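Structure first, commentary second.
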Ligand SMILES: Cc1ncc(COP(=O)(O)O)c(C=O)c1O
């Protein structure tokens, strides 16, 4: 089998990737040791294969579009599994552990599949920790900017690791965490980031996230014996060249304190499953780090787990005119795709083009009263008509977890596109969901 895979890699046959993925863990690791010169090519083949599968699944989904009521999110389980395979490959190559960040995507219907590939989840507080404990059933690492006394017991119960954002909080709760035989982490500010949008930059001036070096140096010696690991998070949708620079600063600032820790978490923001992501550099960075410091490395990607794995589907309700044609859809950026306004960014609609590039240009706007509830301007080959379904791509992350009922707008249903090609309605919402929150 190993020789078959090697031959396939040499011939550039994507089937070799499938065979590699089908190996048992010890066989995959043996392959990596024995055929290290072919791994770069294997990585490239993995990307080609993933692209082909993503295109094939998109066609399958579009054939089923009639079955999708709107507004809805549709999550493709097989596409998530393809991303999981890439994550597991990084684990195989480096021995790092990968935790899925629940803050990005927490639709637990796909957790039974995801848990086969990853080591667990990272949570932002008590509810995510409980969800991870109940539904993912593997490691749970929780980090919150601060914990309340009311929550800490549950957080410790549902977490394997509790990560503190300050030494004050650590001092307050460490004894309890240790008594429950759970691990303690401290989040540090590495002192460097390249995140362009301030809203998403954990290392922006005066950030509350992570202990700064000056304080760490003073306080760490008092807690050295009880701290199990150090965590940093400084990236957002970035490639491994950014990690290289963040890591260099982390090592410069905190490298001398790593002798007694069991693990270091490189946080999230790694766009590992993106087509242009440099997996080989990531592998090198983790391998070198482990060689220098003999610690377990954790990654906490959220977005990368479900990148390009979901759609948001709306229907046109009306076309109004004011200097241009404006299509009002049965959805909302404000209520269903908040990052479109927060980042901000212009999501892709299947079959659309940049404004005025094709004969019919429309501004797409939501049903809410918010003047700025605009998804963007797009052009189309054909005019948009009432009931026309618009399919937005890459909508699995930071959508379902962030949506809201502003104006009483209905929450989108959630469909799962199963591996066998069937479409399953996982959740639908009604007036009572709106009322219950008020
Ligand atoms: C502490 C921490 N870990 C992981 C993540 C996940 O990041 P992403 O979804 O960008 O990979 C975040 C995102 O904000 C975070 O704050």
What is the number of the single condition among (1) over 16 Å from residue 147 (Cβ atoms); (2) away from the ligand (no atom under 12 Å from the Cβ) that residue 267 does not meet?
(2)
For the structure I just gave you, tell me whether residue 277 is within 16 Å of the ligand (Cβ to nearest atom) and either assigned to a helix (DSSP H, G or I) or assigned by TED's automatic domain parsing to the domain that holds residue 213 (or both).
yes
Mind counting the residues in region 287-313 that are crowded, with 18+ Cβ neighbours inside 10 Å and either in a strand (DSSP E or B) or within 16 Å of the ligand (Cβ to nearest atom) (or both)?
17
Answer yes if at least one residue in region 221-229 is within 16 Å of the ligand (Cβ to nearest atom), at pLDDT 95 or above and in contact with a strand residue (DSSP E or B) (Cβ under 6 Å, 6 or more places away or on another chain), and no otherwise.
yes
Criterion first (within 14 Å of the ligand (Cβ to nearest atom) and touching a strand residue (DSSP E or B) at 6+ places or on another chain (Cβ under 8 Å)) does residue 242 satisfy it?
no
Hits in region 255-266 - residues which are touching a residue at least 40 places away in the same chain (Cβ under 8 Å) and surrounded by 21 or more Cβ atoms within 10 Å (Cβ to Cβ)
265
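Residue by residue, here is whether (1) loosely packed, with under 13 Cβ neighbours inside 10 Å; (2) without any contact (Cβ under 8 Å) to a residue 60 or more places away in the chain holds:
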residue: 349; (1), (2): no, yes
residue: 355; (1), (2): no, yes
residue: 365; (1), (2): no, yes
residue: 388; (1), (2): no, no
residue: 393; (1), (2): no, no
residue: 398; (1), (2): no, no
residue: 432; (1), (2): yes, yes
Restricting attention to region 379-409, which residues are more than 25 Å from the chain's Cα centre (by Cα) and either within 16 Å of the ligand (Cβ to nearest atom) or closer than 25 Å to residue 306 by Cα (or both)?
389
Name, by its number, the condition in (1) outside any helix (DSSP H, G or I); (2) under 15 Å from residue 242 (Cβ atoms); (3) more than 14 Å from the ligand (Cβ to nearest atom) that does not hold for residue 259.
(2)
Going by the conditions given, is residue 196 in a loop (DSSP other than H, G, I, E, B), out of contact with any strand residue (DSSP E or B) (no Cβ under 9 Å at 6 or more places or on another chain), free of Cβ contacts under 8 Å to residues at least 12 places away in the same chain and within 22 Å of residue 129 (Cα to Cα)?
no
In region 400-418, residues that are surrounded by fewer than 16 Cβ atoms within 10 Å (Cβ to Cβ) and within 12 Å of residue 333 (Cα to Cα) total 2
Assess whether residue 333 counts as being surrounded by 15 or more Cβ atoms within 10 Å (Cβ to Cβ) and out of contact with any helix residue (DSSP H, G or I) (no Cβ under 8 Å at 6 or more places or on another chain).
no
Condition check for residue 191: in the same structural domain as residue 302 (by TED's automatic domain parsing) and within 16 Å of the ligand (Cβ to nearest atom):
no
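The values are calculated or read from the model by the stated rules, or taken from the named source; none is laboratory data. Since this is a predicted model, take the numbers as computed values, not measurements. A quick note on method: Cβ atoms are made from the backbone with ideal geometry, for glycine too, and the neighbour counts reach across all protein chains shown.
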